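**Q** Next up is a structure, given as structure tokens.
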Amino acid sequence: MNYKYFDNAATTSVNKEVLQEYINANNEYFNPSSLYTPSLSVKNKIEMARETILRYLGGANKSTFIFTSCATESNNAILRNCIKRKDKKYIVSAGEHSSIYATAKAMIEEGYNIQFAPLNSNGSVNQEKLFEMIDDKTAFISLIHVSNETGAINNIKYIAKKCKSINPNVLIHSDGVQALHKLKLNMVDMNVDFYTISSHKINGVKGIAGMYIANPNKFTPYIYGGGQELNLRGGTENYPAIMAFSKAITLSNYDYDYMEELKQTFLQNISLPYKLISLENCVPNIISICFPSLRGETLVHLLEQDGFLIGTGSACNSKNTSNRVLQEIGVEQKYILGAIRISFDMNKTKDDLIELANAINNSVIMYYNKTGYKF
Ligand code: PLP
């Protein structure tokens, strides 16, 4: 079946040029650590790819970008590197992706003092409450840049500046997986110490991601081996995926206004009562919307029968019966169960969004008629 895909926050299709880059690089199969000329050439190209990505991110002088297998690995590695002392305090927002949230939970069990900063109603962090939580013992703060659940934007530049003015020693990490290509990024301007990105959310291939590290001298190795990735992460580099990632990052075509038009078109064409979570200050390509008395997963399956693929929340989370972030925001349970996440890219048109809205209207009405629900 030829599906209409509206789950781009989960993953994206691979861009044709990116795929070609990946295929070409596979012909240069040499191990970058070997000493002969073809290997040196591969090694050089990896360094050029690193430079391309660092330049795109606006990295600082001493900074680097370490390639990893996925953003989940990057997030785990950063938390494990920065949360080491039991006499210090650490803060992560309650709206973090599970790769941060579950790591923090596990580390709390291990005895670390990690607190969760509360959220506003759109899923962004409550800045006032966050600032109140910081004191001279706070060593590290992790804040998602754009929520994978609601699209809410955290103003990292402002927040990092304020956090560092309260405690200049605090290290700031931001998970930028859903921000890459959607927002203008500049690491120096944002004043972050760590930043996470992933290739498969920007039409790159899977199996490659990375982390920006402002000061690699302070980062300790977390995979010991052959000294790859500045001695911080051993293991033979995934050269084809690295080349594809550096290609993908240069191919951004995100048009904020166009995406906003698509979002508004979608909402205007929904003819039933709904609760919109992605209200103000959210990237327009992610829409979290809830219908009462209807399970989101039911709607996902009904829409699939009509050829539309949508999400119920984070893909990594879809097996959970409730949505942690929406609960944290304070959305009522009857709406949480009916939450769906629509996410799309620049390949979609207004007609696509109208088609999707109509399909949702039909499915929800059919379901309400069957169950006798009156709205
Ligand atoms: N962080 C955010 C905000 C995400 O949306 C995701 C994936 O959904 C991840 C991290 C994990 O990325 P990866 O699939 O590369 O591990």
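The values are calculated or read from the model by the stated rules, or taken from the named source; none is laboratory data. Here the structure is a predicted model, which is why all the values come from computation and not from measurement. Neighbour counts are summed over all protein chains in view; Cβ atoms, including those assigned to glycine, are modelled from backbone coordinates with ideal geometry. To get the accessible areas, we keep the full protein, side chains included, count just its heavy atoms, and leave off ligands, DNA and RNA. Shrake-Rupley method; radii C 1.70, N 1.55, O 1.52, S 1.80 Å.
**Q** Roughly speaking, to the nearest percent, how much of the chain's 1.4 Å accessible area is carbon and sulfur?
**A** Carbon-and-sulfur percentage of accessible area, whole number: 49.
**Q** Out of all DSSP beta bridges in the chain, what portion is antiparallel? Express it as a percent rounded to 5.
**A** Close to 50 percent.
**Q** Here is a follow-up. Could you give the accessible area per residue of the chain, probe 1.4 Å, as a whole number in Å²?
**A** On a per-residue basis, the chain sits at 44 Å².
**Q** Another question, then. Which of the GluC sites (Glu not before Pro) found in the range 11-49 are loop residues per DSSP with 15 or fewer other Cβ atoms within 10 Å of their Cβ?
**A** Sites meeting the loop and neighbour criteria: E28.
**Q** Is it possible to state the helix-based mean residue ellipticity at 222 nm for the chain, with each DSSP H run of 4+ residues giving -39500 (n - 2.57), the sum divided by total residues, to the nearest 500 deg cm²/dmol? What is it?
**A** -12000 deg cm²/dmol, from helical runs alone.
**Q** What angle do you read, to the nearest 10 degrees and between 0 and 90, between the alpha-carbon axis of helix 156-166 and the longest principal axis of the chain?
**A** Between helix and principal axis, roughly 60 degrees.
**Q** Same structure again: Rounded to the nearest 0.05, what FRET efficiency do E51 and D351 give with R0 = 30 Å and r taken as the Cβ-Cβ distance? Could you check?
**A** 0.15
**Q** Ignoring ligands, DNA and RNA, how do Y112, Y239 rank by accessible area with a 1.4 Å probe, largest first?
**A** Y112, Y239
**Q** Now, a different point. Among rounded, prolate and oblate, which fits the range 127-276 when a ≥ b ≥ c are the square roots of the eigenvalues of its C-alpha gyration tensor, a/c under 1.5 means rounded, and a/b larger than b/c means prolate?
**A** oblate
**Q** Further question: State the extension gain, in nm to one decimal, for the chain segment bounded by H301 and F131, taking 0.36 nm per residue of separation less the distance between their alpha-carbons.
**A** Length gained between H301 and F131: 57.0 nm.
**Q** When only alpha-carbon atoms count, how far does the range 16-249 stretch along each of its three principal axes, as whole angstroms with the largest first?
**A** 56, 34, 31
**Q** Further question on the same structure: Quick one: compute a quarter of the convex hull surface over the Cα atoms of the range 227-309 and quote it in nm².
**A** The Cα convex hull of the range 227-309, projected and averaged over all directions, gives 9.7 nm².
**Q** Continuing with this model, one more query. Placing +1 at every Lys and Arg Cβ and -1 at every Asp and Glu Cβ, with all other atoms neutral, what dipole size does the chain have around its Cα centre, in debye to the nearest 20?
**A** So the dipole magnitude of the chain works out to roughly 700 debye.
**Q** Something else now. Check cross-link reach from K4 to the lysines: straight Cα distance under 21 Å, and skip same-chain residues fewer than eight apart.
**A** Result set, ordered by chain and number: K16, K201, K206, K263, K348, K350.
**Q** Right, another one. Ordering H173, H301 from largest to smallest accessible area (1.4 angstrom probe), what's the sequence?
**A** Descending order: H301, H173.
**Q** Can you sort E297, E149 by solvent-accessible area, 1.4 Å probe, largest first?
**A** These residues rank, largest area first, as E297, E149.
**Q** In terms of Cα to Cα distance under 25 Å, which lysines are near enough to K88, apart from those fewer than 8 places away along the same chain?
**A** Qualifying lysines at Cα under 25 Å: K105, K129, K137, K157, K161, K162, K164, K218.
**Q** Rank-order 71-77, 368-374, 160-166, 334-340 by packing density, defined as the average count of other C-beta atoms within 10 Å over each peptide's residues, highest first.
**A** Per-residue mean Cβ counts within 10 Å order the peptides as 71-77, 334-340, 160-166, 368-374.
**Q** Taking 0.36 nm per intervening residue step and subtracting the Cα-Cα distance, what contour gain separates T236 from Y256 on full extension?
**A** 3.4 nm
**Q** Rounded to the nearest 10 Å², what accessible area does Y158 show when all protein chains are kept and the probe is 1.4 Å?
**A** Counting only protein heavy atoms, the figure is 110 Å².
**Q** A further question follows. So, in nm, how far is label D189 from label S271 when the simple model puts each one 7 Å beyond its Cα toward the Cβ?
**A** 4.4 nm
**Q** Now for a separate question. With label points built 7 Å along Cα→Cβ from the Cα atoms of K374 and K161, find their separation and express it in nm.
**A** 5.5 nm
**Q** Tell me, what is the 1.4 Å probe accessible area of R295, in Å² to the nearest 10?
**A** 90 Å²
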